[in-house]
1. For the condition over 30 Å from residue 260 (Cβ atoms), surrounded by 15 or more Cβ atoms within 10 Å (Cβ to Cβ), in contact with a Leu (Cβ under 6 Å, 6 or more places away or on another chain) and of a type outside the set (Val, Ile, Thr), what is the one hit in 75, 94?
2. Would you pick out the residues in region 229-270 that are within 30 Å of residue 363 (Cβ to Cβ) and over 22 Å from the mean Cα position of the chain (by Cα)?
3. Could you tell me how many of the residues in region 55-96 are closer than 17 Å to residue 191 by Cβ and part of a helix (DSSP H, G or I)?
4. Going by what's in this entry, would residue 198 be described as of a type in the set (Phe, Trp, Tyr), in contact with a Pro (Cβ under 9 Å, 6 or more places away or on another chain) and either assigned to a helix (DSSP H, G or I) or surrounded by fewer than 22 Cβ atoms within 10 Å (Cβ to Cβ) (or both)?
5. Being outside any helix (DSSP H, G or I) and touching a residue at least 24 places away in the same chain (Cβ under 8 Å) narrows it down to one of 248, 273, so name that one.
6. Please go through (1) loosely packed, with under 14 Cβ neighbours inside 10 Å; (2) free of Cβ contacts under 8 Å to residues at least 60 places away in the same chain for residue 204 and return the number of the only condition it doesn't satisfy.
7. Can you pull out the residues in region 256-286 that are surrounded by fewer than 19 Cβ atoms within 10 Å (Cβ to Cβ), within 18 Å of residue 234 (Cβ to Cβ) and modelled with pLDDT of 80 or more?
Amino acid sequence: MSLRSWRRPPPSVTVTPVIKPGPADGVEVPYALRFAAAWSWRVLLVVALVFLFLRLFATFSVVLVPVIIGLLLSAVASPMVDRLQRWGLPRSVATLIVVVTGIVLLVALITLVAQQFSSGFGDLRASFSDSLDKLQGYLTDLGLSQRQLNDFFSRVQDAVSGSSNSNLSGTVLKATTTVGHLLAGLFIVLFSTIFFTYDGRNIWSWFVRLFPEPARHRVHGGGEKAWAVLTSYVRATVIIAFVDAIGISLVALLLGLDLVLPIGVLVFLGAFIPVVGASISGIAAVAVALVSQGPVAALIMLGGVVAVQQLEGHVLQPFLMGRLVRVHPLAIVVVIAIGSFAAGIFGALIAVPLTAIVNTVAHHLAADRPGRAEQDAGAAADPAVT
């Protein structure tokens, strides 16, 4: 055999068969089922973490609730303290002035409400029986059963008169057992408000340093966005609550109702729960009008409450909130219902600002991700970049 005709034999190539993943019997799992299974365990994990968080929050709610309330109050007080500091006052002095002024105003408001409530409740209770008789007469004229109405209104009168001594003693005992928690909570709220207002930046810097160094920039940016949303939300809510309270109180004053100031305070506090808070608290004004002056005054009061709510929903909320809370009203109602179910009134209070904060931080982190991807790609392409 000549050298020209000789050729090197081709190297042996080992071919590895491609094995598709699937069950042992050779039947492939459908993609839809694999997709559903992959998402299902992740959703279950998130639900389990949320449930665990709620359980831990309920366990330590005696401490956590006052701290969160102090954070909300500091969101109102911090802009005032910052302004006083820009005017040349030390931050400690500015914090002391704002906190003491807030405490004085709160004590004065509680004193006025207590005085008016104690003076007007007697007259309101005296006219309660007459109002019930008038209402019973109206309902009888509509064709309702006289016997059922008598039974119903007699139960209402017994409940209002407080004839059951056992219920009264149980209420007093329950109030006595919770007074210690209330005082402790008030002190925690006070100290949390003071320290969040005075030293909030250092507290946040310490919290950011708990994270790994590559993540600190994103955590700090998300925290700044969250604080900006919280302060703007609380400030806008205070203005809206004040307008709601003034509007409903003016209607009650024009009707000559009793307990005008307590009604205004109740509406002001209820307005911190968006969409439904002021409406529910406005029912108290309608009830007072019904008891003191009858159904006509109650209908006028109801019209005033509806008018104030329309002003809030179509003018104040879009103008003051703007794009701050970019959540659909149906979602707001749902999160309020979930918050009230999980943590009562406090859950309904923090549901909307918490949703706004989570939404804003999520948008911030999602917008920051393309920039980090380009930065990481540039660092990988350039060996000199460390």
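1. Working: 75 fails: over 30 Å from residue 260 (Cβ atoms).
On inspection, the qualifying residue turns out to be 94.
2. Answer for region 229-270, where residues must be within 30 Å of residue 363 (Cβ to Cβ) and over 22 Å from the mean Cα position of the chain (by Cα): there is none.
3. So in region 55-96, the residues closer than 17 Å to residue 191 by Cβ come out as 60, 62-78, 81, 91-92, 95-96.
With the extra rule that they be part of a helix (DSSP H, G or I), the set shrinks to 62-78, 81, 91-92, 95-96.
So the count comes out to 22.
4. Working: of a type in the set (Phe, Trp, Tyr): yes; in contact with a Pro (Cβ under 9 Å, 6 or more places away or on another chain): no; either assigned to a helix (DSSP H, G or I) or surrounded by fewer than 22 Cβ atoms within 10 Å (Cβ to Cβ) (or both): yes.
Answer is no for this residue.
5. Values: 248 fails: outside any helix (DSSP H, G or I).
Being outside any helix (DSSP H, G or I) and touching a residue at least 24 places away in the same chain (Cβ under 8 Å) holds for just one of 248, 273, which is 273.
6. Evaluating residue 204 over (1) loosely packed, with under 14 Cβ neighbours inside 10 Å; (2) free of Cβ contacts under 8 Å to residues at least 60 places away in the same chain leaves (1) as the failure.
7. Result: 269, single match.
Conditions (1) farther than 20 Å from residue 359 by Cβ; (2) touching a residue at least 12 places away in the same chain (Cβ under 8 Å), marked per residue:
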| site | (1), (2) |
| --- | --- |
| 181 | yes, yes |
| 184 | yes, yes |
| 189 | yes, yes |
| 197 | yes, yes |
| 210 | yes, no |
| 220 | no, yes |
| 237 | no, yes |
| 240 | no, yes |
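The values are calculated or read from the model by the stated rules, or taken from the named source; none is laboratory data. These numbers come from a predicted model, not from an experiment. We place every Cβ from the backbone using ideal geometry, glycine too, and count neighbours over all the protein chains shown.
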